[in-house]
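FYI, it's all coordinate maths here, none of it is from the lab. As the structure is a computational prediction, the values presented were derived from the model and not from experiment.
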Amino acid sequence: MISMSTINEEKFNAFLESFQNIDKEVIEDLINATQQGGGENSGNNQDLNEVPMDTLFEKLQEYVEENKMESSVSIAKIEDVIYVRFDSAIFFKANEYTLRDDAYEVLEFIGDGLKEYEKEIKLINILGHTAKPAVEQDPERTWRLSGERAAVVANYFELNKNIDNMKITCMGYGDNFPVDSNETEEG
């Protein structure tokens, strides 16, 4: 983190270029923003991501409503973060990680939205879950299954929508952090 009351352009550019893992386009954008005195949004307290994320959120919400998916998809937005939670039955059969045929239409729409706003998106975090098995199973199985489910969705976005894989993370939760009780068949 760096804080300056006045920016010495040469020192600031050297500072930015010292980060070898930063994409050259990001460095150029930052340099251009400092050279233009903060750009056209200078002095405006509105977060640059706010409007695109609001628009993406509205598109996702409309899609869910138009397709009557409210009982199986929940969407929330807190500041510039959009949370989308799916009932696993939309994408996967029980104890499987292969996508259902119906899943592709939903992933297509979401992938198009993510691609459209890819420059504004900082991170796409995909979390996979499994239900607690009715019969005691090898714990490694639930970890692996949840990770495979997350990876299948991540692969779809990377391979089919050409979303930068550096913006995608996936994680398997196993049967931890359940979204519902495992005491009933519905859960």
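Annotations for the structure displayed:
- Note on the stretch 80-162: Rg/Rh from Cα positions, Kirkwood definition for Rh, rounded to two decimals, is 1.00.
- Applying D = kT/(6 pi eta Rh) to the stretch 49-187, where Rh is the Kirkwood radius over alpha-carbon pairs, T corresponds to 10 °C and eta to 1.306 mPa s, the Stokes-Einstein value obtained is 101 µm²/s.
- Amide H to amide H distances under 5 Å link Asn67 with no residue, where only residues 5 or more positions off or on other chains count and H is placed in the peptide plane.
- Chain lengthening between Asp112 and Ala94 when straightened (0.36 nm per residue, less Cα-Cα): 3.8 nm
- Over 23 Å between alpha carbons, listed pairs Lys68/Lys122; Lys77/Lys115; Lys68/Lys161; Lys132/Lys167; Lys122/Lys161; Lys68/Lys93: Lys68/Lys122; Lys68/Lys161; Lys132/Lys167
- Residues whose placed amide H lies under 5 Å from that of Phe92, excluding near-sequence neighbours: Arg100
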